[in-house]
Amino acid sequence: MSLEYAERRIKEALKLAQGNTAKARQQVIAWTFEDSKLLHALAKPHLSGIVAYNIERVASGRADAAREERPVVEEKPPPKRNAANGRAKEEQFGLEILKAVAGSPAIFGLEDPGAPQKRPSVSKNHIEAIQAITSKKKS
């Protein structure tokens, strides 16, 4: 039932947004602040992974490290949209996306938040083995 409810609300958002998926996405997100049933229906298939990730993050101490690195930002629900301020809100949404991309985004799964690992250098034995293979003449 909850999946059907979420699908109905998504279809409603698509209809309101005249098929524009980005605007429909914004509408569904706005609805989740007021409709906990919708939020639960959307998150239910992913809840086990979300909980497991957060337990691992807290247990490993990454949560404390991330909290120390980021300034505290007050979360506000998205403002109501109307025709008069619709354009300004779209620009604000774009700025929020840019800030999220430029900042440190949330990491899901078991990814390491550290810098990407460099490939290890090739050992001398490996180079010699390849040279020995290539230098042999085919009989």
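Pick out, from the range 1-66, the helices (runs of 4 or more DSSP H) lying fully within it that include 3 or more residues that are in contact with a helix residue (DSSP H, G or I) (Cβ under 6 Å, 6 or more places away or on another chain) and among the hydrophobic types (A, V, I, L, M, F, W, C).
Output list reads 2-16, 21-34, 36-43.
So which of Glu91, Glu69, Glu34, Glu75 is of a type in the set (Asp, Glu), loosely packed, with under 11 Cβ neighbours inside 10 Å and at pLDDT 85 or above?
That would be Glu34, the only listed residue that is of a type in the set (Asp, Glu), loosely packed, with under 11 Cβ neighbours inside 10 Å and at pLDDT 85 or above.
Any residue in the range 19-34 that's farther than 18 Å from Ile97 by Cβ: show its pairings with residues that are charged (D, E, K, R) and surrounded by 14 or more Cβ atoms within 10 Å (Cβ to Cβ) at Cβ separation under 8 Å, as long as the two are six or more apart or on different chains.
Note: pairs meeting the criteria are Trp31/Arg9.
Going through the range 31-52 one residue at a time, which ones are under 16 Å from Lys11 (Cβ atoms), hydrophobic (A, V, I, L, M, F, W, C) and more than 16 Å from the chain's Cα centre (by Cα)?
Trp31, Leu38, Ala41, listed by residue number.
The values are calculated or read from the model by the stated rules, or taken from the named source; none is laboratory data. Just so we're clear, the structure is a prediction, and the values are computed from it rather than from any experiment. With ideal geometry, Cβ positions are generated from the backbone for all residues, glycine too; neighbour counts draw on all protein chains shown.
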